[in-house]
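Below: one structure, written as structure tokens.
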Amino acid sequence: MENYKAEAVTDENVKTFWVAQKNDDKQWLEIDLGKAGKIFAIQVNYFDYQSDIYGRVPGLFHRYTIEGSLDGKNWEILADRRNNFRDVPNDYIQLAEPKTARFVRYNNIHVPMGYLAISDIRIFGVGSGKIPSPVSNFQVARYTDRRNVSLHWRKQENAQGYLVRWGIAPDKLYNSWMVYENDSLLMRCLNTDQDYYFTVISFNENGVSQPSEIIHIQ
């Protein structure tokens with residue numbers, strides 16, 4: 001449908017979604033990963049667009065297949081839900097063994113809603129290129145309001161994003177915050193009477209870098 005474009009399924013935003021023109025077994029959606037990668041798992045997150053379904057309604061089910069291809073011409077099934085009769089609005093499929101593909105295609109068979117709508121198709125795996133370089137020039141500054149802290153680092157040329165990790169000890173960095181594109185983060189969630197330790201990791205489709213130095217703030 002005109003206002004619900006296909007690119008919404010890869011933007012990692014649950015508020016945006018794709019809606020097909022029809023709701024039948026002729027509808028499909030294809031994703032080009034740009035280059036071949038090794039796929040380990042896939043997740044399909046459907047969206048309740050004008051579904052008029054409320055609460056636990058019996059008899060709901062989703063049926064579909066997902067195929068992979070290296071050239072966009074020869075396909076093999078990666079996930080087979082042709083005989084599924086369960087309600088799986090956020091279906092996660094771990095492949096029995098990793099498959100290498102550049103193109104991934106969702107083929108609809110049945111959805112219980114009046115519209116075929118999908119907010120995200122998530123493809124978990126690794127590419128065959130280089131992992132990003134470790135983050136450099138990492139700086140952390142705590143504000144007078146000790147709940148707030150700002151973090152800055154130098155952008156890495158081949159990074160898609162960054163993972164900030166923090167905690168109350170160097171070996172207890174249990175909290176994390178994912179940052180896309182930006183080279184800074186303002187946090188307003190610390191305890192005023194607690195010391196903290198921070199590090200940041202860069203990542204792309206090929207993997208993650210080594211962590212930056214750990215910075216201690218009092």
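Taking segment 201-218, which residues are in a strand (DSSP E or B) and among the charged types (D, E, K, R)?
As a first pass, look at segment 201-218 and keep what is in a strand (DSSP E or B): 201-204, 207-208, 215-217.
Matches in segment 201-218: none.
Would you say Ala141 is among the hydrophobic types (A, V, I, L, M, F, W, C), surrounded by fewer than 12 Cβ atoms within 10 Å (Cβ to Cβ) and farther than 30 Å from Asp11 by Cβ?
yes
Tally the residues that are closer than 16 Å to Ile214 by Cβ and not in a loop (DSSP other than H, G, I, E, B), restricting the search to segment 137-184.
The total comes to 16.
Within the set of pairs 6+ apart or on separate chains, which have a first residue in segment 131-157 that is under 15 Å from Gln218 (Cβ atoms) and in the same structural domain as Ile201 (by TED's automatic domain parsing), a second that is surrounded by fewer than 16 Cβ atoms within 10 Å (Cβ to Cβ) and aromatic (Phe, Trp, Tyr), and C-beta atoms under 9 Å apart?
If the second residue must be surrounded by fewer than 16 Cβ atoms within 10 Å (Cβ to Cβ) and aromatic (Phe, Trp, Tyr), the pairs left are Val149/Tyr143.
All but one of (1) surrounded by 13 or more Cβ atoms within 10 Å (Cβ to Cβ); (2) of a type in the set (Asp, Glu); (3) over 22 Å from Gly114 (Cα atoms) hold for Asp32, so report the exception by its number.
(1) is the only condition that Asp32 fails.
For segment 18-49, which positions are more than 29 Å from Ala96 (Cβ to Cβ) and either touching an Asp or Glu at 6+ places or on another chain (Cβ under 9 Å) or of a type in the set (Ser, Thr, Tyr) (or both)?
Selection gives Tyr49 alone.
Can you tell me which residue within segment 1-27, out of those that are exposed (fewer than 15 other Cβ atoms within 10 Å of the Cβ), hydrophobic (A, V, I, L, M, F, W, C) and over 15 Å from the mean Cα position of the chain (by Cα), is farthest from Asn206 (Cα to Cα)?
Among them, the one singled out is Met1.
Would you point out the residue of segment 66-76, among those that are surrounded by 13 or more Cβ atoms within 10 Å (Cβ to Cβ) and over 20 Å from the mean Cα position of the chain (by Cα), that is farthest from Leu29 (Cα to Cα)? Working first, answer last.
Looking only at segment 66-76, we keep the residues that are surrounded by 13 or more Cβ atoms within 10 Å (Cβ to Cβ), and these are 66-70, 75.
Right, trim to over 20 Å from the mean Cα position of the chain (by Cα) and you get 69-70, 75.
Details: Ser69: 13, Leu70: 16, Trp75: 14 Å.
Out of the qualifying residues, it is Leu70.
Could you tell me which of the residues Phe138, Phe103 is of a type in the set (Phe, Trp, Tyr), closer than 29 Å to Glu157 by Cα and out of contact with any Gly (no Cβ under 6 Å at 6 or more places or on another chain)?
Only one candidate passes the filter, namely Phe138.
Just a yes or no: is a residue in segment 87-108 touching a strand residue (DSSP E or B) at 6+ places or on another chain (Cβ under 9 Å), crowded, with 18+ Cβ neighbours inside 10 Å, farther than 20 Å from Ala20 by Cβ and aliphatic (A, V, I, L, M)?
Yes, the conditions are met somewhere in segment 87-108.
Keeping to segment 172-212, report how many residues are under 20 Å from Ile131 (Cα atoms), without any contact (Cβ under 8 Å) to a residue 60 or more places away in the chain and among the hydrophobic types (A, V, I, L, M, F, W, C).
The total comes to 3.
Within segment 109-124, identify whether any single residue is polar (S, T, N, Q) and surrounded by fewer than 17 Cβ atoms within 10 Å (Cβ to Cβ), and answer yes or no.
No, the conditions are met nowhere in segment 109-124.
The values are calculated or read from the model by the stated rules, or taken from the named source; none is laboratory data. Small disclaimer: the values here were computed from a predicted structure and weren't measured. Neighbour counts run over all protein chains shown; Cβ positions are idealised from the backbone, glycine included.
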